[in-house]
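Notes follow the structure.
Rule-based calculations on the coordinates, nothing more; no lab input. Computed from a predicted structure; not experimentally measured. With ideal geometry, Cβ positions are generated from the backbone for all residues, glycine too; neighbour counts draw on all protein chains shown.
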Amino acid sequence: MSKRTQTSDHPPTRHTVLIGDVRTMWEKMYWDMEVFSDIQRSYPDEGQPLVYAALNACIAAWSLETWARNSFVSGYPQKEKQDRRKYFDRVLANMIPLQAMCSVVANTAKHGAHRDSGWDGGSLSLKWDDGDECGPAGFVLVTKGQTNAPSMLNSLFDLPRDWWDFLQKMELVEENLPTPNWLRRKLSRMFGGIPGVKSDFEV
């Protein structure tokens, strides 16, 4: 029998180094989405990396859900926690319907067995697309089910913005959609210097 995991008084950064709150976990999810997009565009004939990156993106979205839910109920009495969890789940399902797919995909990857709760009948398949004037030929991940999207790239494109809107709704973040420093540095390398770009370790 495996030992039940326990939380401690140590901050999350003791294990995660940089991820210490909902915002930094959102940035990590955003990064995984960007990696998936980069592989789709830059290595269209590589099926395996595309699938691996998509799984990582779903796992990151699933992790963000856990971080956000825990933060939303933290510090409240048990009865209020239960009510807040129900409210959180209801608003999440309404504002980010794609999250159900991410959670099911991540849960299946974690447990090594098909999980179908929340995305009934949903599935992913790897297909070859011959391309057209809008894009080159290459592998695409196609979603079937509740999301009804032609490709997972299209499905995931708006997920960081949708999640930020949700975090604002839950009052877990305050400012408008930010540009993470890692993305600012990426854009700086592509298009030239961008003022105010900081190191991850700068305060």
Taking square-rooted eigenvalues a ≥ b ≥ c of the alpha carbon gyration tensor, is region 86-157 rounded, prolate or oblate, where a/c under 1.5 means rounded and, failing that, a/b exceeding b/c means prolate?
oblate
Quick one: among Lys86, Lys144, Lys186, which has the greatest mean-square fluctuation in a GNM of the chain with alpha-carbon springs under 10 angstrom?
Lys186
I'd like the Kirkwood hydrodynamic radius of region 19-174, using the inverse of the mean 1/r over distinct C-alpha pairs, in Å.
16.4
Compute the signed sum of charges (Lys and Arg +1, Asp and Glu -1) over the other residues within less than 14 Å, Cβ to Cβ, of Tyr52.
-3
Summing +1 per Lys or Arg and -1 per Asp or Glu among the other residues with Cβ less than 13 Å from Trp67's Cβ gives 0
Across region 118-135, in residue order, what do the Karplus-derived ³J(HN,Hα) couplings come to in whole Hz, using 6.51 cos²θ - 1.76 cosθ + 1.60 with θ = phi - 60° and x for Gly and Pro?
x, 9, 4, x, x, 7, 10, 9, 9, 10, 8, 10, 6, x, 7, 5, 8, x
Starting from the Cα gyration tensor of region 47-108, multiply each eigenvalue by 5, take the square root, and state the resulting semi-axes largest first in whole Å.
28, 12, 7
Helix-only CD estimate at 222 nm, as mean residue ellipticity for the chain, using -39500 (n - 2.57) per DSSP H run (n ≥ 4):
-17500 deg cm²/dmol
Fewest-first ordering of Asp130, Asp165, Asp158, Asp32 by Cβ atoms within 10 Å yields Asp130, Asp158, Asp165, Asp32
